[in-house]
1. In whole angstrom, note down how far apart the Cα centers of segment 15-34 and segment 58-112 are.
2. How about segment 72-136: which chymotrypsin sites (Phe, Trp or Tyr not before Pro) there lie in a loop by DSSP and see at most 11 other Cβ atoms within 10 Å?
3. Taking Cα pairs under 8 Å and at least six residues apart, what relative contact order does segment 12-165 come out at, in percent?
4. At 7 Å along Cα-to-Cβ for each site, give me the label-to-label distance between Leu57 and Val71 in nm.
5. With r as the distance between the Cβ atoms of Ser35 and Arg89 and R0 = 22 Å, compute the FRET efficiency 1/(1 + (r/R0)^6) and round to 0.05.
6. Starting from the 7 Å offset along Cα-to-Cβ, what nm value, one decimal, do you get for the label separation of Ser105 and Ile27?
7. Hey, got the dipole for segment 1-101? About the Cα centre, +1 on K and R Cβ, -1 on D and E Cβ, debye to the nearest 20?
8. So how far apart, in nm, are the two label points at Leu160 and Asn18 if each is 7 Å from Cα heading toward Cβ?
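Every number in this text was worked out from the coordinates using simple rules, so none of it is lab data. Quick caveat: nothing in here was measured; it's all calculated off a predicted structure. Cβ: placed from backbone, ideal geometry, glycine included. Neighbour counts: every protein chain shown.
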Amino acid sequence: MNIPDSDCPVPKDQRPINEYNTLKESIFFLWTTKSLNSYLKSVLLFAVPIYSFTALLVKASTANSELPLNVLLYTVTFSSIILGLSFLRLYLGWTYVYERLIKASVSYEESGWYDGRTWIKTPEILIQDKLIATYQLLPIINRLKVSLILFFSAFTSTLLYLKWVE
């Protein structure tokens, strides 16, 4: 649903629905909107090259006498940092749009200078935005939370194990 410009003073690029559509079409954010199977395949396609490259770096930077288990643990540790930060960026982007959609008012700027204004959404627009936030964005955000927990728990557990072994 497009909002007529006469009904909404917010510039088009600052409207929550347009921010949502921009993120949804962005190549970095697009794959998070797909089905669970497509999402998992995309995570693998994203993670495998990072783990492979990190494994090469770790193997090249350690002595040949290093234990293979330690090489694997260092690879998981450093890869989890990279993947965790990437997924944190995804999570923060979707959460920002979610919060703008769910709120009853929209803060915006009309010019390059700070002249912050607030527009109160009409009931129809508020209902539409809340439906999109609840049924489109909330599952994406929850999926990203689980992914973040997995990557940061992998990082924490391998780091703790490496500290414990020393």
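1. Between the Cα centre of segment 15-34 and that of segment 58-112, the gap is 18 Å.
2. Passing sites in segment 72-136 are Trp113, Tyr114.
3. Details: 120 pairs, mean separation 42.6, N = 154.
Rounded, it is 28 percent for segment 12-165.
4. Computed distance between label sites Leu57 and Val71 equals 1.7 nm.
5. Numbers: r = 22 Å, r/R0 = 1.00.
The value I calculate is 0.50.
6. Label at Ser105, label at Ile27, 4.0 nm between them.
7. For segment 1-101, the charge dipole is close to 260 debye.
8. The answer from the label model is 4.8 nm.
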